[in-house]
Amino acid sequence: MKHILTILIMTIFTLSCTSKKDSNIIVLNVSEFKKEILNQDIQLIDVRTSKEFNQGHILNAKSIDYFSSTFKAELNQLNKEKPVYLYCRSGKRSGKASKICSELGFKKIYDLNGGYLAWSKENK
């Protein structure tokens, strides 16, 4: 019984630490994201490849390729106190990038739900 209780407590502790760790990540739909990036002094980051970026991107976005060996180093050069808005093609890479930003100490992280595909569909 003691063993089960110990496992239960450790599981709860682990889950509570994980959820707090990523509580600074907010996923926004296209209209929320669009409103936010127009009204604030922000860092807008496109984590797609340079080829994808060159085929079209959100105005004023900076390209930092998620697959680049320098990805974390480039993120580390950004202001961690200033909100960072991330997007990729469909939302998968930016979701992973958001977690990396959280680990690096960014305070406010916003991720575009559906990525550039959703953005393009809604902003034709």
> In sequence order, what are the phi-derived ³J(HN,Hα) couplings for segment 76-84 according to the Karplus relation 6.51 cos²θ - 1.76 cosθ + 1.60 with θ = phi - 60°, rounded to whole Hz, with x for glycine and proline?
Replying inline: 4, 7, 7, 7, 6, 8, 8, x, 10
>> For a quick check: with amide H placed at 1.01 Å from N, whose amide H comes under 5 Å from A61's, ignoring anything fewer than 5 positions away on the same chain?
In response: none
> If the label point is 7 Å along Cα→Cβ of N60, which residues in segment 68-99 have backbone nitrogen under 16 Å from it?
Replying inline: 79, 82-87
>> Amide H of V27 versus every other amide H placed in the peptide plane: which residues, excluding those fewer than 5 positions away on the same chain, fall under 5 Å?
In response: D111
>> Under the rule of at least 5 residues apart or a separate chain, name every residue whose amide H is placed under 5 Å from the amide H of G91.
In response: G115, Y116
> Which order do peptides 40-48, 61-69, 83-91 fall in by mean Cβ count within 10 Å, highest first?
Replying inline: 83-91, 40-48, 61-69
> Ranked highest first by average number of other Cβ atoms within 10 Å, how do 99-105, 70-76 line up?
Replying inline: 99-105, 70-76
>> Can you compute the FRET efficiency between A73 and K124 using 1/(1 + (r/R0)^6), with r the Cβ-Cβ distance and R0 = 35 Å? Round to the nearest 0.05.
In response: 0.45
>> Using the Kirkwood formula on the Cα atoms of segment 30-124, what hydrodynamic radius do you get, in angstrom to one decimal?
In response: 13.1 Å
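Here, each number is a calculation from the coordinates, and none is a lab measurement. Bear in mind the structure is a predicted one, so any value in this text is a computation, not a measurement. Neighbour counts are summed over all protein chains in view; Cβ atoms, including those assigned to glycine, are modelled from backbone coordinates with ideal geometry.
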